[in-house]
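One structure below.
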Amino acid sequence: MVSFVQLLDFAGTFAFAISGIRLASAKRFDWFGAYVVGFATAIGGGTLRDILLGLTPAWMQSPVYLICTALALFWVIAFGKYVITMNNTIFFFDSIGLSLFTVVGVTRSLSEGFPFYVAIIMGSITGAAGGVIRDVCINEIPLIFRKEIYAVACVLGGLVYWMLQALGVGHTACQIVAGGSVFLTRVIAVRYNICLPTLKGETEK
């Protein structure tokens with residue numbers, strides 16, 4: 001029986017793979033190159049998380065992540081003219097992947113017995129690292145290093161999970177609300193142009 005967390009993981013894999021493939025298509029990558037970018041986007045954060053936690057990366061134990069990425073590639077190929085021309089498509093799928101993977105990272109860390117501050121960091125890594133790898137692969141400045149609210153949304157989601165759990169809320173409800181908080185934080189931040197202050201260089205006043 002597939003658990004709720006596994007469903008979140010698979011859905012996040014599909015969403016992040018689409019975000020990577022969508023950007024790769026904009027850069028005129030071929031199908032194989034787009035698949036590689038999509039796969040790296042989908043499993044990058046989870047792989048780094050599992051290595052830091054001393055676990056075998058999930059994609060090495062099941063082919064479902066390869067299959068999810070392949071389905072994402074076929075989805076973009078089949079509906080390419082709609083996906084590629086929609087300016088907000090990459091933001092939508094990236095935000096979904098970010099929220100789902102943050103919850104998966106927090107839950108997986110807690111299930112392994114790590115303290116909550118580690119779980120929040122691992123949730124942020126799971127959510128944000130895949131996007132960093134994606135942007136590096138397509139030669140873009142990673143979102144996490146720009147002014148946009150990105151990794152901060154992951155941290156907020158982790159804190160929401162922690163507060164709800166401390167109040168005795170059930171695991172599934174914690175996961176849903178925490179994931180929703182990450183997604184809404186991203187949407188609100190972009191909609192109202194909310195961003196973190198930037199450091200000024202020596203020549204700036």
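Looking at the stretch 1-120, I'd like the Rg to Rh ratio, where Rg is from alpha-carbon atoms and Rh is Kirkwood's inverse mean 1/r. Don't jump to the answer; show the numbers that get you there.
On the way: Rg = 14.7 Å, Rh = 14.6 Å.
In the stretch 1-120, Rg relative to Rh is 1.00.
Figure the gain on full extension for Asn88 and Val169 (residue separation times 0.36 nm, minus the Cα-Cα span) and round it to one decimal in nm.
On the way: separation 81, 0.36 × 81 = 29.16 nm, distance 3.37 nm.
Separation in residues times 0.36 nm, less the Cα-Cα distance, equals 25.8 nm.
From the C-alpha coordinates alone, can you work out the Kirkwood hydrodynamic radius of the chain, in Å? Working shown, then result.
Values: mean 1/r = 0.0585 Å⁻¹.
One decimal place: 17.1 Å for the Kirkwood radius.
Hey, got a sec? Which trypsin sites (Lys or Arg not before Pro) in the stretch 86-177 land in a DSSP loop and have at most 14 other Cβ atoms within 10 Å? Before the final figure, lay out the partial values.
On the way: sites: Arg108, Arg134, Arg146, Lys147; in loops: Arg146, Lys147.
Answer by residue number: Arg146, Lys147.
Out of all Cα-Cα pairs in the stretch 105-148, roughly what percent, to the nearest whole number, are more than 14 Å apart? Before the final figure, lay out each step's value.
Numbers: 504 of 946 pairs.
Summing the P(r) tail past 14 Å for the stretch 105-148 gives 53 percent.
Cut-off 10 angstrom, C-alpha nodes, Gaussian network model of the chain. Which of Val76, Val136, Val36 fluctuates the most?
Per the Cα network of the chain with a 10 Å cutoff, Val136 tops the list.
Would you please put 17-28, 156-167 in order of how densely packed they are, using the mean number of other Cβ atoms within 10 angstrom per residue and starting with the highest?
Values: 17-28: 23.7, 156-167: 19.1.
Order by mean packing, descending: 17-28, 156-167.
Can you classify the stretch 1-46 as rounded, prolate or oblate using the Cα gyration tensor, where a ≥ b ≥ c are the square roots of its eigenvalues, rounded means a/c under 1.5, and otherwise it's prolate if a/b beats b/c and oblate if not? If you can, show how the numbers build up before the last one.
Values: a/c = 3.10, a/b = 2.87, b/c = 1.08.
Prolate is the answer for the stretch 1-46, as a/c is 1.5 or above and a/b outweighs b/c.
Determine the calculated [θ] at 222 nm for the chain from helices alone, applying -39500 (n - 2.57) to every DSSP H run no shorter than 4 residues and normalising by the residue count; nearest 500 deg cm²/dmol. Each step should come with its number before you reach the end.
Working: 8 runs with 148 residues, N = 205.
Result for the chain: -24500 deg cm²/dmol, rounded to the nearest 500.
Once neighbouring chains are kept in place and the probe is 1.4 Å, which whole percent of the accessible area of the stretch 93-152 is contributed by carbon and sulfur? Before the final figure, lay out the partial values.
Values: 1520 of 2300 Å².
That fraction is 66 percent.
With every protein chain kept in place and ligands, DNA and RNA left out, what is the accessible area per residue of the chain? Probe 1.4 Å, answer in Å².
Numbers: 10830 Å² over 205 residues.
Value returned for the chain: 53 Å² of accessible area per residue.
The values are calculated or read from the model by the stated rules, or taken from the named source; none is laboratory data. The structure presented is a predicted model; accordingly, all values stated were derived computationally and were not measured. Here Cβ is always computed from backbone atoms with ideal geometry, including for glycine, and neighbour counts include all displayed protein chains. Heavy atoms of the whole protein, side chains included, go into the accessibility calculation; ligands, DNA and RNA do not. Shrake-Rupley method; radii C 1.70, N 1.55, O 1.52, S 1.80 Å.
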